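**Q** Have a look at this one.
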Amino acid sequence: MPMGHKPLDPAASTPRYQEHRTGLAGAAAPFRAGSMARNRDTGNAASPTSHLSFDATSKTECGISQSSSLTAGAANMMAHSVRPNALTDELVEIISGFSVENDKSITVEEQKDAVMQFYSSECQEVKLSLKIFYRWVNTAWELAKSPILPLWTLCKLQESLSTSLYPPNRVVVSAFTGSKTVHQKDARQFKLLRDCASKGLRNQHYARVNQFDVASRLDGLIEKFRILNNEPLADALQNRLNELRDQGTKSAPEILSFFLHLSDKPVEKTRLADLELLKPSVPPPPLTWAEIIADDPLNEEGVWDEVEFGTGSNSEESVSFDEEQSSDDSTPPSNPTQDARNLPELYDASDAALEMARNTMDEITQAQFWRQSGSEIVVITELQAIREVLLMLRGIPSSLFQVDKYDKVHSLRAYRIAQTSRSAFHDILDGFARTGTILAQLRGWTKQRYEQVLPQACQASVERRLWQFDGSIAEIDESFVTRTGSTVIVSILELENRVQYLTEPLSSVATTIQPDRHTAGLDFLNRLYERLCYLTMEGSDGTTLSYHYALYQKPFEVYLRPIVRWMQSGKLLDNPHSPIRLADQHCDLGRMWSDRFKLVPNELEHPAIPMRKVFIIGKCVRMLEELGYNNMHPAVDFRPPAEFSKERFEAVINRWVDSCAAPVITLQEHLRNSAHGQALWKSLDLLDGPYLSELAIRSIDGGDRYVLAELTRIRTGAPWLIRNIMREHNVHLCIYNALLPLYRAKTTLQRLSASTRSDKLALRQRLLWFVDTLLTYMTMDVLKPTLLQARTRLRQATDIDAMATVFAQLVTRLETQLLLQTTLRPITTAMASLLDLPLALSHVWETDVTVDELGNEYVRLLTFVTHGIQSISRDGEQTWGLLAEKLGWGCT
Amino acid sequence: MPAADDSKRKAARETIDILHEISTLLNTHLDRQSLSYCVSLIENGVNPEALANVIKDLRQHNPQQRSDNGL
């Protein structure tokens with residue numbers, strides 16, 4: 001196609017650029033001619049590929065070749081950012097080829113897809129041009145959806161548009177015709193539009209817009225305005241045109257030409273005022289304080305004084321009310337404040353007055369039955385009676401009832417209703433009065449002031465129920481007041497039933513807690529708990545039980561709080577009545593377990609709570625804190641069971657306390673594994689080893705001052721944790737004391753020289769045997785098993801209390817088995833005497849006592865001891881029996 | 001850049017305002033919305049005379065809509 005393209009240069013001379021801007025001149029026109037020819041030649045068949053070799057390198061220099069007409073256009077468009085006008089018939093042809101003749105309706109999407117597919121292999125520049133193109137299509141699409149151009153008239157649009165030489169119109173047409181969503185209703189219309197479109201393209205006989213022509217026409221119009229003495233209009237138009245020119249809009253000439261085509265006798269019809277209507281109305285500037293103050297300065301006297309409200313008395317019997325009621329409505333309200341004198345000037349209250357019929361006033365006056373004073377009984381309607389009862393039940397003063405200072409409600413005899421007899425009515429009222437009394441007492445109870453949290457929680461719990469009750473009563477009241485359309489039966493007997501139903505749970509609560517006796521706090525809780533247990537036993541219906549249970553839960557939770565705090569952190573609240581109290585705050589750490597806190601059993605405490613366990617847990621927490629473990633255990637919340645039954649509730653409590661017992665376990669772990677714990681075992685190990693024996697031996701010669709100090713050190717030097725277990729028992733000392741005489745005797749005997757007389761020797765032997773037997777007994781039969789048992793028990797102990805008990809038991813056992821008990825004094829004295837014999841023997845040559853005498857003494861004492869032990873062993877320790885047996889051998 | 005976009009939008013709005021005023025002065029019976037659509041069409045290549053004829057035709061066909069839509 002020999003189109004003589006000169007390479008287009010963006011900086012080229014303006015006219016050419018303009019031509020391109022309008023899109024008609026230059027590249028487009030020759031295209032069209034050629035393409036039209038092509039159209040005729042080739043019909044609808046599109047063979048686009050041959051035209052599409054795009055020369056990527058040349059942008060401004062369009063490839064001047066037959067094949068590049070399309071691409072040249074695209075390139076131009078890109079270069080100058082012109083509209084998709086530059087896409088030529090080529091594109092159009094391609095698209096049209098899809099649609100009309102084949103009677104297929106294709107959607108915009110399909111068209112787009114087709115084109116996109118087609119161009120997908122091409123480079124970005126072409127795609128860009130397509131983007132712009134599609135944007136245009138979408139704009140046209142939007143236009144199609146607008147109500148301004150209803151679709152059914154679009155055929156006209158298509159016709160006209162397609163007669164112009166803009167190929168994209170064709171796409172617009174196809175787009176409009178193709179989509180079903182645009183116009184679903186009329187298939188015939190579609191066909192029509194399509195036909196228009198296909199026709200339209202062949203006819204292109206609109207001239208392009210000549211901007212000079214446009215300008216001259218506009219000038220002519222302005223002249224006309226001036227000639228016809230419409231200077232302002234002319235000026236307005238001229239100004240606007242100038243502004244438009246300054247804006248530099250691209251298609252200004254086209255738009256103006258469009259206006260000129262559309263304009264409808266502006267010379268005659270245009271009014272300048274219309275221009276003003278265009279402007280959106282500016283809202284009046286908001287009122288500012290400055291303006292208000294300028295208008296009405298607030299510096300009058302008395303404007304800023306305090307206003308006293310409510311000085312008028314509100315009592316029903318007040319005279320002022322009557323006055324107001326009877327006076328004309330149009331007088332302004334009496335206003336005690338000073339600035340009232342300004343008001344009548346500013347506004348007249350009669351403006352606000354409503355017209356009211358005279359008899360309405362009378363009706364109202366009559367309806368206020370309580371005003372009717374007199375000795376006779378006033379007749380009131382049943383509705384009035386009902387509403388008075390409802391007032392009373394809600395604790396509001398009412399005219400039919402009177403509440404005395406003990407919160408007892410009395411019904412007044414001054415009224416009756418027409419339908420029933422006086423006595424019947426009064427009976428009904430008395431019934432209500434009894435109910436009212438219960439409620440009034442409950443209300444009075446909830447209003448008392450308590451300092452502690454627990455009573456307050458109890459009150460709050462009851463108060464909530466009272467509010468719920470009030471709400472129900474208010475609903476009943478409301479049903480009488482509002483006219484909802486459904487009929488409401490006005491019956492005081494029916495009200496009686498309903499009220500009874502509503503108050504039943506509350507009266508049950510009232511009997512439980514006996515508000516006239518001012519119980520709150522623990523007493524309240526306990527009574528309620530008893531009631532709950534009773535109700536479950538009785539098997540009463542679920543609602544009463546659940547009502548009471550709901551009432552119980554929150555105060556119970558408040559009650560648990562100090563317990564939780566104790567178990568969590570070992571801290572106590574400052575409550576002198578709590579069962580867990582601080583005994584000796586500054587006691588030594590070694591006695592912390594036993595002495596710092598004390599548990600005072602309190603009958604009022606909840607029976608289900610295992611106070612001892614709780615006590616232990618708290619103490620463990622404190623001890624762990626001293627050991628350096630801090631806040632290791634997360635809090636476990638108490639979750640009450642959903643339904644109440646005594647067993648379940650108590651089981652839940654126990655489970656909960658057990659679940660909080662982690663500190664106890666931690667402490668035991670610590671005792672088993674840590675250095676503290678090791679100290680305990682070590683000190684126990686000292687007991688049955690040779691340590692004590694050595695000490696005893698040492699002390700014989702060296703005096704026991706050192707040894708005693710050593711033994712005390714074992715005890716006091718132990719870590720404080722261990723001291724808490726061992727407490728005041730000094731096991732070591734105890735055993736030492738038992739062993740010492742034996743070792744002393746033994747040493748003495750051993751030091752007796754062998755070169756003595758045979759009878760002395762014999763006695764020595766016997767004494768030695770005795771001492772050895774005792775020693776063996778102590779170490780083998782007593783210490784070893786006892787200590788073993790103690791060790792096992794200590795390891796198994798669950799808490800420090802248990803361990804301390806084991807220790808204490810160890811000591812007692814040792815004392816018992818070592819015959820150190822005071823009850824066995826005769827035997828122990830005899831044994832002591834026996835053990836003195838060796839010393840006597842060693843000094844026999846100094847004294848008068850002969851060996852024989854000593855020998856006799858020995859036999860006597862031994863027999864006594866043996867028999868003694870034998871006798872006690874029958875009822876007592878097994879080990880005594882062993883000892884007795886052994887000693888028995890010596891008696892023979 | 002948002003500032004550039006803002007100024008562009010502002011300029012566009014001003015242009016439409018001016019065009020609206022001109023069209024009112026020329027008594028074209030176009031409301032602002034229609035005007036902006038037509039401007040858009042024209043900017044995208046629709047022939048102004050063609051469009052004007054179409055609109056005249058539409059108005060002829062829908063005289064009742066005239067008052068509603070300001071066509």
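The values are calculated or read from the model by the stated rules, or taken from the named source; none is laboratory data. If you're wondering where the values come from, they're calculated on a predicted model, not measured in any experiment. Neighbour counts are summed over all protein chains in view; Cβ atoms, including those assigned to glycine, are modelled from backbone coordinates with ideal geometry. Surface areas here come from the heavy atoms of the whole protein model, side chains and all, with no ligands, DNA or RNA. Shrake-Rupley method; radii C 1.70, N 1.55, O 1.52, S 1.80 Å.
**Q** What full-extension length gain, to one decimal in nm, is calculated for A:T747 and A:T798 as 0.36 nm per residue of separation minus the Cα-Cα distance?
**A** Working: separation 51, 0.36 × 51 = 18.36 nm, distance 4.39 nm.
Computed gain between A:T747 and A:T798 is 14.0 nm.
**Q** Of the heavy-atom accessible surface of the range B:2-69 (probe 1.4 angstrom), what whole percent is carbon and sulfur?
**A** Values: 1460 of 3120 Å².
Reported share for carbon and sulfur atoms: 47 percent.
**Q** For a 20 Å ceiling on Cα separation, which of these pairs sit above it: A:K613/A:K682; A:K408/A:K447; A:K554/A:K598?
**A** Working: A:K613/A:K682 29 Å; A:K408/A:K447 16 Å; A:K554/A:K598 28 Å.
A:K613/A:K682; A:K554/A:K598, as the Cα separations exceed 20 Å there.
**Q** Assuming R0 = 41 Å, can you tell me the calculated FRET efficiency for the pair A:L788 and A:A460, based on Cβ-Cβ distance, to the nearest 0.05?
**A** Numbers: r = 59 Å, r/R0 = 1.44.
The formula returns an efficiency of 0.10 here.
**Q** Given a 1.4 Å probe, show me the residues in the range B:26-44 buried by at least 50 Å² of accessible surface when comparing the whole protein assembly to the chain alone.
**A** In the range B:26-44, residues shielded by partner chains: B:L26, B:N27, B:Y37, B:L41, B:I42, B:E43, B:N44.
**Q** For A:L412, which sequence-distant residues (separation of 5 or more, or a different chain) have an amide H within less than 5 Å of its own amide H, given hydrogens modelled in the peptide plane?
**A** A:F401, A:Q402
**Q** Explain nothing, just compute: Karplus ³J(HN,Hα) = 6.51 cos²θ - 1.76 cosθ + 1.60, θ = phi - 60°, for every residue of the range B:24-31 in order, whole Hz, x for Gly and Pro.
**A** Whole-Hz 3J(HN,Hα) from phi for the range B:24-31: 5, 5, 8, 6, 8, 6, 9, 8.
**Q** Quantify how strongly other chains surround peptide B:9-15 by giving the mean number of their Cβ atoms within 10 Å of each of its Cβ atoms.
**A** Numbers: counts 0, 0, 3, 2, 0, 4, 7.
Mean partner-chain Cβ count within 10 Å for B:9-15: 2.
**Q** Using a 1.4 Å probe, what is the accessible area per residue for the range A:536-601, in Å²?
**A** Numbers: 3480 Å² over 66 residues.
For the range A:536-601, the solvent-accessible area averages 53 Å² per residue.
**Q** Mind giving me the nanometre distance, one decimal, between the label points for A:S546 and A:D523, set 7 Å out from Cα along Cα→Cβ?
**A** Modelled inter-label distance: 3.2 nm.
**Q** Going by amide H atoms built from the backbone, whose H comes under 5 Å of the H on A:I380, apart from near neighbours?
**A** The list, which skips near neighbours in sequence, is A:R416, A:I417, A:A418.
**Q** Something else now. Report the full-extension gain for the segment A:M537 to A:E846: residue separation times 0.36 nm, less the Cα-Cα distance, to one decimal in nm. Please list the in-between numbers first.
**A** Numbers: separation 309, 0.36 × 309 = 111.24 nm, distance 8.82 nm.
Here the segment from A:M537 to A:E846 would lengthen by 102.4 nm.
**Q** Accessible area per residue, 1.4 Å probe, Å², for the range A:843-892: what's the number? Write out the running numbers ahead of the final one.
**A** Numbers: 3010 Å² over 50 residues.
Counting only protein heavy atoms, the per-residue value for the range A:843-892 is 60 Å².
**Q** Name the residues of the range A:222-256 whose accessible area, probed at 1.4 Å, falls by at least 20 Å² once all protein chains are in place instead of their chain on its own?
**A** A:L237, A:R240, A:E243, A:L244, A:Q247, A:T249, A:S251, A:E254, A:I255
**Q** Step through the residues of the range A:219-227 one at a time and calculate ³J(HN,Hα) from phi using the Karplus curve (6.51 cos²θ - 1.76 cosθ + 1.60, θ = phi - 60°), rounding each to whole Hz and writing x for Gly and Pro.
**A** 4, x, 5, 5, 4, 4, 4, 5, 4
**Q** At A:A424 and A:Q553, where each label point lies 7 Å from the Cα along Cα→Cβ, what is the point-to-point distance in nanometres?
**A** 4.5 nm
**Q** Still on this structure, I have one more. Pop out the ³J(HN,Hα) list for the range A:499-511 in order, Karplus 6.51 cos²θ - 1.76 cosθ + 1.60 with θ = phi - 60°, rounded to Hz; leave Gly and Pro as x.
**A** Running phi through 6.51 cos²θ - 1.76 cosθ + 1.60 with θ = phi - 60° gives 5, 4, 4, 6, 8, 4, x, 5, 5, 4, 4, 4, 5 Hz.
**Q** Could you give the accessible area per residue of the range B:2-69, probe 1.4 Å, as a whole number in Å²?
**A** Numbers: 3120 Å² over 68 residues.
Value returned for the range B:2-69: 46 Å² of accessible area per residue.
**Q** Starting from the amide H of A:I580, placed 1.01 Å from N in the peptide plane, find each other amide H under 5 Å away whose residue is 5 or more places distant or on another chain.
**A** Those lying under 5 Å, H to H, from A:I580 are A:V600.
**Q** Something else about it: At a 1.4 Å probe radius, which order do A:W593, A:W304 fall into by accessible area, largest first?
**A** Values: A:W593 0, A:W304 190 Å².
Putting A:W593, A:W304 in descending order of accessible area: A:W304, A:W593.
**Q** Turning to a different aspect of this structure: Under a crude label model (7 Å from the Cα following the beta-carbon direction), how far is A:I377 from A:R713 in nanometres?
**A** Result: 10.2 nm between the two label points.
**Q** Tell me, what is the FRET efficiency for A:R434 and A:S486 to the nearest 0.05, using R0 = 35 angstrom and their Cβ-Cβ distance as r? Don't skip to the end; give the middle numbers.
**A** Details: r = 31 Å, r/R0 = 0.90.
So the FRET efficiency works out to roughly 0.65.
**Q** Give, in nm to one decimal, the length gained when the segment between A:L627 and A:Q878 is fully stretched (0.36 nm per residue of separation minus the Cα-Cα distance). Could you put the intermediate results ahead of the total?
**A** Details: separation 251, 0.36 × 251 = 90.36 nm, distance 4.20 nm.
Computed gain between A:L627 and A:Q878 is 86.2 nm.
**Q** In whole Å, how far is the Cα centre of the range A:513-563 from that of the range A:597-631?
**A** Centre-to-centre (Cα) distance: 25 Å.
**Q** Chains B and A: how much accessible area gets covered up at their contact, both sides added, probe 1.4 Å, in Å² to the nearest hundred? Spell out each step's value before the answer.
**A** Details: alone 5630 and 50000 Å², together 51050 Å².
Rounded to the nearest hundred, the buried surface is 4600 Å².
**Q** Tell me, what is the FRET efficiency for A:E669 and A:R612 to the nearest 0.05, using R0 = 22 angstrom and their Cβ-Cβ distance as r? Let's see the in-between values first.
**A** Details: r = 21 Å, r/R0 = 0.96.
Once the sixth-power term is evaluated, E becomes 0.55.
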